[in-house]
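Notes follow once the structure below has been shown.
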Amino acid sequence: MGQLVPIGVAAKELGVHPDTLRRWEVEGRIEAPERTAGGRRRYDLAKLHHLAPRTSISARSTIAYARVSSNGQKDDLVRQVALLESFCATNGWAYEVISDVGSGLNYHKRGLKTLVSRICSGEVGRLVLSHKDRLLRFGSELVFSLCEHFGVEVIIINASEDSTFEEDLANDVIEIVTVFS
């Protein structure tokens, strides 16, 4: 169950009037919200998110995400950010860069958490990466699924051709050994 909020908060989050939520309930467009002991409605925002009006990709933010594994790779981070900025500027997009220093196995990086939160809030229209593994070494597909669900276009600048299972496995083993050594 998601966060339960009063009708005014839910309406503001969706960009509609509270009367609209009441009408949608009567029409059966949304399931009846929970009620407090005093009879006040409490809406689960997670169940209402699909009703929020979708804005076009161009009207939402473009986020360029860069990551390196360690402080020793700060020069690589600078180059990665420069590549992302150049790519976004060349395409004429207003953009913001979010960067992290941390393992591709670490899901608790501040920038990654910010990125996922902003994707789920619907404010991101485009995600630009230099390479697929800059997002996460394992589990990037989960973030890509979130992007698909929330209508976020994902652009990977240096998308290599599909690698073989053996190449993926070898790269994964090397990453695991590197992280744990």
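For 93, 24, the ranking by accessible surface with the largest value first comes to 93, 24, using a 1.4 Å probe. In this structure the amide hydrogen of residue 67, modeled in the peptide plane, comes within under 5 Å of the amide hydrogens of 100, none closer than 5 places in sequence on its chain.
Work through the residues other than residue 124 whose Cβ is under 9 Å from its Cβ and net out their charges, Lys, Arg +1 and Asp, Glu -1. Result for the neighbourhood of residue 124: +2. The residues packed around residue 111, meaning those with a beta-carbon under 10 Å from its beta-carbon, carry a net charge of +3 if Lys and Arg are +1 and Asp and Glu are -1.
The values are calculated or read from the model by the stated rules, or taken from the named source; none is laboratory data. The structure displayed is predicted, hence computed values, not measured ones. Reconstructed Cβ throughout: ideal geometry from the backbone, glycine too, with neighbour counts over all protein chains shown. These accessible areas exclude ligands, DNA and RNA; they are computed on the full protein's heavy atoms, side chains included. Shrake-Rupley method; radii C 1.70, N 1.55, O 1.52, S 1.80 Å.
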